[in-house]
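Novice: Below: one structure in structure tokens.
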Number of protein chains: 2
Amino acid sequence: MTSTHPMWLTGNTPLRGRTLHVAGEHRLLDSVRSDAAEHGLRLIDDDTADVVFAPSGDAGRFGVSEADVARLGPEGFVAARTGERTVVAYGGAAGALYGWFQLLRDAAGHDAPAAVTRCEPERELRMLDHWDNVAVHPVMGQVERGYAGGSIFFDDGRVRGDLARVERYGRLLASIGINRVAINNVNVHAREARLLTDDLPDVARIAAALRPWGIRLHLSVSFAAPMVLGGMPTADPLDAGVQQWWAAAAAHVYGAIPDFGGFVVKADSEGQPGPFAYGRDHADGANMLARALAPHGGLVHWRAFVYNHRQDWRDRKTDRARAAYDHFAPLDGRFDDNVLVQVKYGPLDFQTREPVSPIIPGLRRTRVTLELQVTQEYTGHQRHAVYLAPQWREILDFRPFGDDGPRIAEVARGGMAAVANVGDDAYWTGHPLAQANLYAYGRLAWDSTLDPAAILDEWIGLTFGPDEAVRRGIHAVLDDSWLTYEAHTAPLGVCFMVNPHHHYGPSVDGYEYSPWGTYHFADRDGVGVDRTVATGTGFAGQYPEPWASTYESLDTVPDELLLFFHHVPYTHRLHSGRTVIQHIYDTHFDGVERVDRVVAQWAGLRDAVDAALHERVSERMAEQLRSAVEWRDQINTYFLRKSGIADERGREIY
Amino acid sequence: MTSTHPMWLTGNTPLRGRTLHVAGEHRLLDSVRSDAAEHGLRLIDDDTADVVFAPSGDAGRFGVSEADVARLGPEGFVAARTGERTVVAYGGAAGALYGWFQLLRDAAGHDAPAAVTRCEPERELRMLDHWDNVAVHPVMGQVERGYAGGSIFFDDGRVRGDLARVERYGRLLASIGINRVAINNVNVHAREARLLTDDLPDVARIAAALRPWGIRLHLSVSFAAPMVLGGMPTADPLDAGVQQWWAAAAAHVYGAIPDFGGFVVKADSEGQPGPFAYGRDHADGANMLARALAPHGGLVHWRAFVYNHRQDWRDRKTDRARAAYDHFAPLDGRFDDNVLVQVKYGPLDFQTREPVSPIIPGLRRTRVTLELQVTQEYTGHQRHAVYLAPQWREILDFRPFGDDGPRIAEVARGGMAAVANVGDDAYWTGHPLAQANLYAYGRLAWDSTLDPAAILDEWIGLTFGPDEAVRRGIHAVLDDSWLTYEAHTAPLGVCFMVNPHHHYGPSVDGYEYSPWGTYHFADRDGVGVDRTVATGTGFAGQYPEPWASTYESLDTVPDELLLFFHHVPYTHRLHSGRTVIQHIYDTHFDGVERVDRVVAQWAGLRDAVDAALHERVSERMAEQLRSAVEWRDQINTYFLRKSGIADERGREIY
């Protein structure tokens, strides 16, 4: 295929031919009008239209009750349906935009929508972070951890001239409720640093392409920018000259992009510069930037991914999992209001299975942005079909203070951000089914209580239409795919058995003697990391109760996180009744069988979906199966060689 | 330092001020004259000079007996000394050149040379192979497996304009008896393929720079050249058009370079094209090229490094060590006279410790070129001080047919080749002490019976002058350095515990689940590769007796090769009396202690050698020590975790 896949906005809708009236004047209302026209609705200036959008204050005229629209925020809307007529009462123009895309979703769904639907986003900040480089990085490529081709923003060392695709991207993101996008990699190399200055006119063009869709642009910046770009002798956040440099830089940016979102900063992390060089702490660094942005309404996303990446593997007391809490908990309460501390969901690094990071509940007086990863860095590089919404729901549903306390979705008051998974690939995401992850992320950022299967239903209906066989087939492929991936990769929450650097495919000892702080300590007797307070690194004690105790004890730690918290013998018996070693063998054989079934399920859809798309997915699935077999055999062989314990069922291990 | 280190030709010699007469006319005699002048000798046209060079037929006039010069070959010479007078009777002009450098060596030595010395090279073909790329390769760089900067031949995607350094290199090589140089990488990429055609004028410039030093230039060529360069539809060696293409290409090369040496070919190896694509074998491929070169006196070096590099690690019957024999033994007798089958010394790949490749004695009717590696790919990347001459002597002294049979030095009738270790680094070799390896390689190629310690003495005397403390210190650093490196790296001939791709530093399981065919099969009970005929891959049976039986049996296999041939329990007792596991611990602790002592020895020379050189070596030694500790700890920890057997002496393992 040479044209670009439309993702879930195909232009097909049962609303085609209906009349539409959008009351009010706003560029976002114009976007509603133009998108509706593209979907074949007839725009009329008449209150009797089939579909009417009206400000919530006027909605009474159309039979929407005042109670329904009470205290409706600027991004909220109420959709009221009577017979063939739909009225969308919007709190603000953004609400109209989101209401319009909700109508498209409802029309594609197979259940009739409720008579009155009131929708507001759970959180104001719903963000996507692109790890795109302007210049192709010699190791990381154009898009760091990107598995879908080049960047949609940058090409050949500069901002693309033609931003038509960025506009389409903005529309797609608006349709799932995303309202902020950081366009460049948190690892800010020399070329990328200049986006803040020399390239501002081009960055402004990107902002202009996203603005009609209610999306504000953010930039990742280098903490060393005053030195790298400004030629100053220091980047000390307490230096008055540095503060002035940043204030001027911010003012300059807002001169070009009045609705600029703010800065994303990876500081003192994996070699990036930061305040430590000057004996300052992260609050000093973040607040300095925050004060430059505050006059303009900008935000600082200050990442908590700070740890010693030059650890001595011999040192079993140092624990990378502790690092974010150790660094940031002492700073709680010191961050300015427009600082958001952005925390990866787990204490390590976007693993297939990790506990939720304890620094999220640990920062009670700080706005925490939860960071997810849509791009499949550790979950199969968009060669494996892995639907991540079930993982995200588990994270969002985690109640760090126990059953009576709030969910992570509520605890993380600084909204949600996620690393994007799109590129200039014709299908946007390399693997066509990976589009579902982007879709689901937006939907969960809007409403974290949505059911992953229901979200998938929406995505399938919009993307593939109403074919029931396709719906069932894709559910069969994706519903349990995260657990399938977990089954044939690193077992029981032990993490990091991937190939170093690129993070694809198995390498059980790949990180075992490395400086990266990610070890499993497998020996002939057992495996796992003792992170207990009693005998280990003490990480379990970073959680509030009941989790500190739950994770501390072998009696209560969940099976799926056993090896994250404990070093146990291979003969240790899980709550499931199986031994650890037998669990490893069983899940790895089972994982491949599950992939086998998935491949067959997809093959059965050959005549039901677009041929080119089917072929693309089939190619990836051949690799998924090969890779799953490789995972199974390496993991099983490794642990058989170490443990000497045969598989109870006598299956082939090499 | 900004200027280039002179290596062992410093210009200092006790011969300075002596008078010299060189009788005869030849460009190589001119080289003797100019080099002698550079060394401060006074050229006179007078038989009474202190030093006289004369053709062997004339030597009687100077008191050299006819018996002494009988049957002297074109590269041979006789040096006769009476009092202060020296007469060099040369068989040919090349003999005069080598005689001149022998005089320099003798003058720098601390023992008086013999009254009459007759010298001839053991073998005609004494070659260095450069793995230099014209264009910087994205992964392999400018020089594949190069640890000394860029190429001395190529820069910025083309042949260097200024070849002064190549001329100096030619002089250095002549001084150690090298007479052939292949200038480009055996992995011939698209850019490099064009050396054969478009770049010929530039290649001819390199040949011209080497010619005054008696060195013939060879090119590595792509077997697919008729397709890549000639636009032909095939490279089938039995295709008449392909044969004509090569004949024309060879004629074209000889038109530009009349003394061109020939082609080096890596075919059907690690992805390089070859005759297999057309259902032909290596003899078909090599002979086709040989016939294109034969009319011009050219040679084909056809490499035997052919194996399946996409092996399934699960398959324990396939054995990469068998590959060269399996591929080439059936072809014995089918190669044309000007084909040299070039064989790496070991059956795997330039490992620190391997048995000698059985295909060398296996090709009784084929001229085999023994291939050594001067560049320290698997022996510490010229960060570790590792003097390789002792390893080479062991290889050269190996008697494949038993005590009464010939040495490998004699069996390999196609001469010696080695991968070069120089680059555009100021010291030529990165690590200044790695110069000794280049020196020793040339000397052993000339005379394989030279003692490594004596060669080192020569090199030290020429390079550092007569300081006895320096001599002792460098001997202390280098004499046992190969065994030291072996001690702290992969034990007992097990091979390949290095990091994949770059091959520096430990990664015990780095290749264990890879497709490269290099495994150690360590499990909780034991380690090693069963290559016996009785129960293993049968590789041991590729040797003639007595070695087939010697390697087959645990009673007779040498300790240092135990794990190359056998899979044994950690408790297996070596001939040394130690168990395998205790040997591993002991040698790894000992290896680091040895490096510690080496560092101290070198520190003691601080005031005795050039400060910049001392500093360069000291920097490298800091890395050598760090790396040795890393090797020790990773290997010991790995095997402690696997075996569960504690060190008898209770030393720290992690």
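Novice: Taking region B:410-422 as the search range and keeping residues that are in contact with a Phe, Trp or Tyr (Cβ under 9 Å, 6 or more places away or on another chain) and buried (at least 23 other Cβ atoms within 10 Å of the Cβ), which one is nearest to B:S481 (Cα to Cα)?
Specialist: Result: B:N421.
Novice: For A:G591, indicate whether it is part of a helix (DSSP H, G or I), away from chain B (no Cβ under 14 Å) and small (G, A, S).
Specialist: yes
Novice: Taking into account only those residues within region A:311-339 that are among the basic types (K, R) and part of a helix (DSSP H, G or I), which is least open to solvent (accessible area, probe 1.4 Å)?
Specialist: A:R320
Table: residues versus (1) open to solvent by 60 Å² or more (accessible area, probe 1.4 Å); (2) within 30 Å of A:V533 (Cα to Cα); (3) touching a residue at least 24 places away in the same chain (Cβ under 8 Å); (4) in a helix (DSSP H, G or I).
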residue	(1), (2), (3), (4)
A:A247	no, no, yes, yes
A:Q272	no, no, yes, no
A:A277	yes, no, yes, yes
A:M288	no, no, yes, yes
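Novice: To continue, here is another question. Take B:D268 and decide whether it is more than 23 Å from B:R365 (Cβ to Cβ) and either open to solvent by 10 Å² or more (accessible area, probe 1.4 Å) or at pLDDT below 95 (or both).
Specialist: So B:D268 fails the test.
Novice: Same structure, new question: Of everything in region A:121-140 that's of a type in the set (A, V, I, L, M) and not in a strand (DSSP E or B), which residue is farthest from A:S220 (Cα to Cα)?
Specialist: So the residue we want is A:V139.
Novice: Right, another one. I'd like to know if region A:158-165 contains one or more residues that are modelled with pLDDT of 95 or more, in contact with a helix residue (DSSP H, G or I) (Cβ under 6 Å, 6 or more places away or on another chain), surrounded by fewer than 21 Cβ atoms within 10 Å (Cβ to Cβ) and over 25 Å from A:L289 (Cβ atoms).
Specialist: yes
Novice: Follow-up. Kindly indicate whether any position in region A:300-307 is hydroxyl-bearing (S, T, Y) and either surrounded by fewer than 22 Cβ atoms within 10 Å (Cβ to Cβ) or touching a Leu at 6+ places or on another chain (Cβ under 6 Å) (or both).
Specialist: No: zero hits.
Novice: Same structure again: Within region A:68-85, is even one residue of a type in the set (K, R) and buried (at least 22 other Cβ atoms within 10 Å of the Cβ)?
Specialist: No: zero hits.
Novice: List pairs: first in region B:205-232 and of a type in the set (S, T, N, Q), second assigned to a loop (DSSP other than H, G, I, E, B), Cβ under 7 Å, 6+ apart or cross-chain?
Specialist: B:S220/B:N184; B:S220/B:N185; B:S220/B:V186; B:S220/B:V188; B:S222/B:V188; B:S222/B:P273
Results for (1) more than 20 Å from B:T375 (Cα to Cα); (2) under 16 Å from the mean Cα position of the chain (by Cα); (3) not β-branched (V, I, T), shown as yes or no for each residue.
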{"residue": "B:T429", "(1), (2), (3)": "no, yes, no"}
{"residue": "B:L438", "(1), (2), (3)": "no, yes, yes"}
{"residue": "B:S448", "(1), (2), (3)": "no, yes, yes"}
{"residue": "B:I455", "(1), (2), (3)": "no, yes, no"}
{"residue": "B:L462", "(1), (2), (3)": "yes, no, yes"}
{"residue": "B:P466", "(1), (2), (3)": "yes, no, yes"}
{"residue": "B:V470", "(1), (2), (3)": "yes, no, no"}
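Novice: If I filter region A:257-265 for residues that are surrounded by 20 or more Cβ atoms within 10 Å (Cβ to Cβ) and in a helix (DSSP H, G or I), do I get at least one hit?
Specialist: No - not one qualifying residue is present in region A:257-265.
Novice: Let me ask something else. From the list B:G442, B:G493, pick out the single residue that is in contact with an Asp or Glu (Cβ under 9 Å, 6 or more places away or on another chain), more than 14 Å from chain A (Cβ to nearest Cβ), open to solvent by less than 20 Å² (accessible area, probe 1.4 Å) and touching a residue at least 60 places away in the same chain (Cβ under 8 Å).
Specialist: Only one candidate qualifies: B:G493.
Novice: Also: Does region A:122-135 contain any residue that is open to solvent by 10 Å² or more (accessible area, probe 1.4 Å), in contact with a Phe, Trp or Tyr (Cβ under 8 Å, 6 or more places away or on another chain) and either within 14 Å of another protein chain (Cβ to nearest Cβ) or closer than 23 Å to A:L29 by Cβ (or both)?
Specialist: Within region A:122-135, none of the residues are open to solvent by 10 Å² or more (accessible area, probe 1.4 Å), in contact with a Phe, Trp or Tyr (Cβ under 8 Å, 6 or more places away or on another chain) and either within 14 Å of another protein chain (Cβ to nearest Cβ) or closer than 23 Å to A:L29 by Cβ (or both).
Novice: OK, next. Among the numbered criteria (1) buried (at least 21 other Cβ atoms within 10 Å of the Cβ); (2) closer than 22 Å to B:M497 by Cα, which one does B:L605 miss?
Specialist: Condition not satisfied by B:L605: (2).
Novice: Evaluate region A:348-360: report whether one residue or more is open to solvent by less than 10 Å² (accessible area, probe 1.4 Å), modelled with pLDDT of 95 or more and under 12 Å from the mean Cα position of the chain (by Cα).
Specialist: Within region A:348-360, one or more residues are open to solvent by less than 10 Å² (accessible area, probe 1.4 Å), modelled with pLDDT of 95 or more and under 12 Å from the mean Cα position of the chain (by Cα).
Novice: Provide a single number: the residues in region A:512-537 that are small (G, A, S), crowded, with 21+ Cβ neighbours inside 10 Å and either within 9 Å of chain B (Cβ to nearest Cβ) or more than 27 Å from the chain's Cα centre (by Cα) (or both).
Specialist: Going through region A:512-537 one residue at a time, the tally reaches 2.
Novice: Are any of the residues in region B:371-385 surrounded by 24 or more Cβ atoms within 10 Å (Cβ to Cβ), more than 26 Å from B:H501 (Cβ to Cβ) and modelled with pLDDT of 95 or more?
Specialist: Checked region B:371-385: no residue is surrounded by 24 or more Cβ atoms within 10 Å (Cβ to Cβ), more than 26 Å from B:H501 (Cβ to Cβ) and modelled with pLDDT of 95 or more.
Novice: Name the pairs: first residue in region A:380-396 and touching a residue at least 40 places away in the same chain (Cβ under 8 Å) and on the phi < 0 side of the Ramachandran plot, second residue of a type in the set (K, R) and part of a helix (DSSP H, G or I), Cβ to Cβ under 9 Å, at least 6 apart or on different chains?
Specialist: Within 9 Å, the pairs are A:R383/A:R620; A:H384/A:R620; A:A385/A:R620; A:A389/A:R443.
Novice: Looking at region A:234-245 only, could you name the residues that are open to solvent by 20 Å² or more (accessible area, probe 1.4 Å), assigned to a helix (DSSP H, G or I) and hydrophobic (A, V, I, L, M, F, W, C)?
Specialist: A:A240, A:W245, listed by residue number.
Novice: Right, something else. Looking at region B:1-120, what helices (runs of 4 or more DSSP H) fall wholly within it and have at least 2 residues that are modelled with pLDDT of 95 or more?
Specialist: Filter on region B:1-120 gives B:27-38, B:93-108.
Novice: On the basis of being within 14 Å of chain A (Cβ to nearest Cβ) and either touching a His at 6+ places or on another chain (Cβ under 6 Å) or buried (at least 20 other Cβ atoms within 10 Å of the Cβ) (or both), does B:H567 make the cut?
Specialist: The answer is yes for B:H567.
Novice: Out of the residues in region B:400-409 that are surrounded by fewer than 20 Cβ atoms within 10 Å (Cβ to Cβ) and in contact with an Asp or Glu (Cβ under 9 Å, 6 or more places away or on another chain), state the one that is farthest from B:G298 (Cα to Cα).
Specialist: B:G402
Novice: Taking the criterion of being under 26 Å from A:K642 (Cβ atoms), within 14 Å of chain A (Cβ to nearest Cβ), more than 25 Å from the chain's Cα centre (by Cα) and open to solvent by less than 10 Å² (accessible area, probe 1.4 Å), would at least one residue in region B:501-511 satisfy it?
Specialist: Yes, region B:501-511 contains at least one residue that is under 26 Å from A:K642 (Cβ atoms), within 14 Å of chain A (Cβ to nearest Cβ), more than 25 Å from the chain's Cα centre (by Cα) and open to solvent by less than 10 Å² (accessible area, probe 1.4 Å).
Novice: Another question, then. State the number of residues belonging to region B:249-261 that are among the aromatic types (F, W, Y) and touching a residue at least 60 places away in the same chain (Cβ under 8 Å).
Specialist: Residues in region B:249-261 being among the aromatic types (F, W, Y) and touching a residue at least 60 places away in the same chain (Cβ under 8 Å): 0 in total.
Novice: Then there's this: Select from region B:614-654 the residues that are among the charged types (D, E, K, R), more than 10 Å from every other protein chain (Cβ to nearest Cβ) and not in a helix (DSSP H, G or I) and write down the one among them that is most open to solvent (accessible area, probe 1.4 Å).
Specialist: Top of the filtered list is B:R649.
The values are calculated or read from the model by the stated rules, or taken from the named source; none is laboratory data. Keep in mind that what you see is a predicted model, and the values were worked out from it rather than measured. With ideal geometry, Cβ positions are generated from the backbone for all residues, glycine too; neighbour counts draw on all protein chains shown. SASA here: full protein model, heavy atoms, side chains in, ligands and nucleic acids out. Shrake-Rupley method; radii C 1.70, N 1.55, O 1.52, S 1.80 Å.
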